[in-house]
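These notes concern the structure reproduced below.
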Amino acid sequence: MSSRSVAKKLILIGLDAIEAHLITKFVNEGKMPNTASLLKNGIFSLAYPSPPCDTPTNWTTIVTGAWTGTHCMTSFFAHIPRAELNVGYRTLNSKVCKAEFLWNVLEEAGKKCVIVNYPVAWPPTIRKGIVLGGPAPGASPWRVKWPSLFLSKDIYEALPPSERMNCIPVEFVEAKEWTSLPKSYSAPLEAAIWFAGEAPLERKAPGWQVRPGEKLIEAPPYHLLLLDTSGEGYDTLIICKDKNLPDSEIARLKVGEWSDWITETVKVRGEEREVIFRFKLVKLSADAREFKLYRTDVFLVEGWSFPDNVAKEIVAHVGPYIEGYEGHVSSVLHWFEEEYYSPTWLEHIEQSVDWYSGVAKYLKEKYSWDVFIMHYHLHDSLNHKYLGLLYEEHPDYKPDIAKTLWRFYEECYSLTDQLIGNIVDACADEDTLVVLVSDHGAVPAWKFVWIGGALIRHGLLSYKWSAKDYAYIVDWSKTSAYPFGHTTPYIWVNLKGRDPHGIVDPKDYRRVQEDVIEALYSIRDPETNECPIALALRKEEADIFGQWGDQVGDVIYFPKPGYTNVCFDFSKVPPKIMEGKEVRPLKEIGFWTALHHDYLPNAKLGLFTNSAFVIMAGPGVKKGYRRDKPIWLVDLVPTICWLMGIRTPKNCEGKLVLDLLEE
């Protein structure tokens, strides 16, 4: 081993759901020069994910080299063996992984590790390195509030009720009882908000008060003041803690401007905690009738680092950690900006690029790390919302929208390339192995498949109406097979002796498995008469996909691209699902235009693929090599370990990919 070149350091940048063919496209167009440099000096390969093809499953596979059946991180929500078939646990938690992590092997080898925003790295399993954040996407225990939008009353009331989530109405009135009001050519107007966005306020004696019956967290109100500073209408917003200017001023904004980061002490779950957030004034009309004020996530200032003291260091020298800052704003875009090219989303991405690269550089200078592993979730948010609209066969495809979206995608990939370049330029040297990797891709989807309908038709699944839940709930006494859902492609046989409500005799186990498969293949799209199921097989036949053990279902199924079961919970089914067609438009169910979790690892539709990718450069790696056949993601860890001269994790099941190595 001493006779070959061994990497002493590692930079692994995880890019969730980024599309490999779009990397190639934008590299060829000169939009990703830093990635192009890595390709010139390293290798590129597609990589098949381990089903379910989603975030928890495959970011675990990437850092363990283990298949799903071994590490047991079966999607976002895993069934608990021998519990009721609808009972499970969340997998974005290092404690529930049953395989050894790469970073523990690296630490054992004397490497100082830094792990940032990695989905399955929290709670920390290393003892000498640094861990920042973790449960991603959307599962962070340090988020106090999701992004909110404060809207003038007319705009708010014009929104359909279904689109008012996280929107708060604001009503401006003539400003009264202020000290040292700035000059305004029009009468100053005031309003008040709870910055946490929990409830609207109205002015009545003795001041601004929460509306009766509204719930709020224990946080102070902020006062808003609108001014006309030019004589051409209202153009300035001042945000204050009280009405005593200038001492209470927090931010002074014109349209398009951001506040600095703001810290406040509030009660979170009854405990006083310091939180951080910022505002952007998105719109203010001259007559003040149109007002849109955006507030980012409200996030805890500390608690998300190991060791504890590092969080405040990061906030002071780089800025706050906010999980998903690069992507979660996409959920509120349609409320306040052009939907298909959002300047605010791009600003979020730019700020997140600065934060991640700033963290890597700061911690390198201060703590001299050997290993930097991070996860970046931008592209998954981007794909779910928009990718399907780039596919010409999607029913909502429109050339003008696609043209705008291609411009937006180009900007996003260019900023991702900037992130890569910033980290590599500041932190890599000739002894550093650099790895770019994704967990999966995405394919367009526009039809929802109600799997439960087919099982009901075949007498395998039964529901009864619950007036209390206003939903149909499972009747276990008449259910032979239950689709677990929650982004898993698993159906369980309700087996006697194993499951609490089991009714299937073990001797009938295989027959019920085959009945389930027959039911799945009986589904038909009423528009085309096509069966939307690409593959359904018994668990015993699925070991080629790494599907084994107590936490994998008895039947595994994969829809064809274009069809999906989305993120569905089968334990309580609303009437609109139960009483609708088995195959129907996806937009009746949710916002998604593309998905990945329930497809085969090699699923493809048009140019879009569910496959992941690997780019690697550094000591011992071939230069300028593009592999013509995909590897599996389980193969990444053994290859990294070989290149770094360390043992593989104990549960690693992948193989060393020899043709990626220098001869």
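Below is a table of values for the structure above.
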read-out	value
Total residues in the range 352-393, condition assigned to a helix (DSSP H, G or I), out of contact with any helix residue (DSSP H, G or I) (no Cβ under 7 Å at 6 or more places or on another chain) and among the polar types (S, T, N, Q)	2
Residue match in the range 61-77 (condition: open to solvent by 10 Å² or more (accessible area, probe 1.4 Å) and modelled with pLDDT under 95)	yes
Subset of the range 100-123 [closer than 14 Å to Arg647 by Cβ and outside any helix (DSSP H, G or I)]	Glu100, Phe101, Ala109, Gly110, Lys111
Condition broken by Glu274, with the remaining ones in (1) in contact with a Ser or Thr (Cβ under 8 Å, 6 or more places away or on another chain); (2) surrounded by fewer than 16 Cβ atoms within 10 Å (Cβ to Cβ); (3) under 22 Å from Trp178 (Cα atoms) satisfied	(3)
Residue pairs meeting the criteria (Cβ under 6 Å; at least 6 apart or on separate chains; first under 25 Å from Glu100 (Cα atoms) and modelled with pLDDT of 95 or more, in the range 622-650; second assigned to a loop (DSSP other than H, G, I, E, B) and acidic (Asp, Glu))	Val634/Glu653; Pro649/Glu100; Lys650/Glu100
Tally, over the range 532-547, of residues that are open to solvent by less than 80 Å² (accessible area, probe 1.4 Å), out of contact with any Asp or Glu (no Cβ under 8 Å at 6 or more places or on another chain) and not β-branched (Val, Ile, Thr)	7
Hey, Gly421 part of a helix (DSSP H, G or I) and in contact (Cβ under 8 Å) with a residue 24 or more places away in the chain or not	yes
Tyr413 being in a helix (DSSP H, G or I) and among the hydroxyl-bearing types (Ser, Thr, Tyr)	yes
Residue tally, condition at positive phi and either open to solvent by 20 Å² or more (accessible area, probe 1.4 Å) or assigned to a strand (DSSP E or B) (or both), over the range 460-505	4
Residue in the range 35-46 that is of a type in the set (S, T, N, Q), open to solvent by less than 30 Å² (accessible area, probe 1.4 Å) and touching a strand residue (DSSP E or B) at 6+ places or on another chain (Cβ under 8 Å) present	yes
Cβ-Cβ under 6 Å pairs, at least 6 apart or on other chains, the range 241-262 side farther than 22 Å from Val315 by Cα, far side in a loop (DSSP other than H, G, I, E, B) and β-branched (Val, Ile, Thr)	none
Any hit, the range 83-94, residues being in a helix (DSSP H, G or I) and either at pLDDT 95 or above or within 23 Å of Gly441 (Cβ to Cβ) (or both)	yes
Check on Ile193, under 20 Å from Lys241 (Cβ atoms), outside any loop (DSSP other than H, G, I, E, B) and touching a helix residue (DSSP H, G or I) at 6+ places or on another chain (Cβ under 8 Å)	no
Qualifying residue in the range 585-600 (condition: closer than 30 Å to Leu433 by Cα, open to solvent by less than 30 Å² (accessible area, probe 1.4 Å) and of a type outside the set (A, V, I, L, M))	yes
Qualifying positions in the range 120-155 - buried (at least 19 other Cβ atoms within 10 Å of the Cβ), among the aromatic types (Phe, Trp, Tyr) and closer than 30 Å to Leu237 by Cβ	Trp142, Phe150
Out of Tyr391, Tyr376, sole residue that is closer than 24 Å to Asn610 by Cβ, out of contact with any Pro (no Cβ under 8 Å at 6 or more places or on another chain) and among the aromatic types (Phe, Trp, Tyr)	Tyr376
Residue check, Leu415 open to solvent by 10 Å² or more (accessible area, probe 1.4 Å) and in contact (Cβ under 8 Å) with a residue 40 or more places away in the chain	yes
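The values are calculated or read from the model by the stated rules, or taken from the named source; none is laboratory data. Small disclaimer: the values here were computed from a predicted structure and weren't measured. Cβ sites come from the backbone with ideal geometry, for glycine too, and all protein chains shown count toward neighbours. Heavy atoms of the whole protein, side chains included, go into the accessibility calculation; ligands, DNA and RNA do not. Shrake-Rupley method; radii C 1.70, N 1.55, O 1.52, S 1.80 Å.
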